[in-house]
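Trainee: Please see the structure below; I have some questions.
The values are calculated or read from the model by the stated rules, or taken from the named source; none is laboratory data. What you see is a predicted model, and the numbers here were worked out from it, not measured in a lab. In this analysis, Cβ positions are derived from the backbone assuming ideal geometry, glycine residues included, and neighbour counts consider all displayed protein chains.
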Amino acid sequence: MKDAKYLFRLYMAKNQYREAAKTAIIIAREEQNSDMSSALLLLHSYTLARLLVRKGDHLKAARMLIRVSNNISKFPARESH
């Protein structure tokens, strides 16, 4: 990822805008994939926590919930009606 950002800056400095645009698309895709992986990991942790609570393994559930709570801002707020 770092190499792509340096390459983008190089293309911009050399006024090679077509190449810079292609590189920017690659950077954006990599960032989206990274964000998606993080979101899926958090969702998986939350799902596991619920399953572990049902099985009575509260220690492991707590560990999963700590991971989720550290990233709670990434979840949308639930609206009450």
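Trainee: How do the pairs read when you match residues in region 42-62 that are of a type in the set (S, T, Y) with residues anywhere that are in a helix (DSSP H, G or I), using Cβ under 8 Å and keeping only pairs 6 or more apart or on different chains?
Mentor: So the pair list comes out as S45/M64; S45/L65; S45/R67; S45/V68; Y46/M64; Y46/L65; Y46/V68.
Trainee: Tell me, please, whether a residue that is at pLDDT 90 or above and aromatic (F, W, Y) can be found in region 64-76.
Mentor: Checked region 64-76: no residue is at pLDDT 90 or above and aromatic (F, W, Y).
Trainee: Next question. I want to confirm something. Restricting to region 37-64 and keeping residues that are among the aliphatic types (A, V, I, L, M) and closer than 22 Å to P76 by Cβ, which single residue is surrounded by the fewest Cβ atoms within 10 Å (Cβ to Cβ)?
Mentor: Of region 37-64, the ones among the aliphatic types (A, V, I, L, M) are 39-43, 48-49, 51-53, 59, 61-62, 64.
Still in the running and closer than 22 Å to P76 by Cβ: 39-43, 48-49, 64.
On the way: A39: 13, L40: 10, L41: 13, L42: 18, L43: 13, L48: 18, A49: 21, M64: 21.
If we take residues in region 37-64 being among the aliphatic types (A, V, I, L, M) and closer than 22 Å to P76 by Cβ, then L40 is surrounded by the fewest Cβ atoms within 10 Å (Cβ to Cβ).
Trainee: Further question: Mind checking which pairs have a first residue in region 1-17 that is closer than 16 Å to E31 by Cα and a second that is not in a helix (DSSP H, G or I), Cβ under 6 Å, 6 or more apart or different chains?
Mentor: Cβ pairs passing all conditions: none.
Trainee: While we're on this one: Which of the residues belonging to region 12-36 are among the small types (G, A, S) and exposed (fewer than 10 other Cβ atoms within 10 Å of the Cβ)? Even if it seems obvious, please write down each step before you answer.
Mentor: Taking region 12-36 as the starting set, the residues that turn out to be among the small types (G, A, S) are 13, 20-21, 24, 28, 34.
Within region 12-36, A13 is the sole residue that qualifies.
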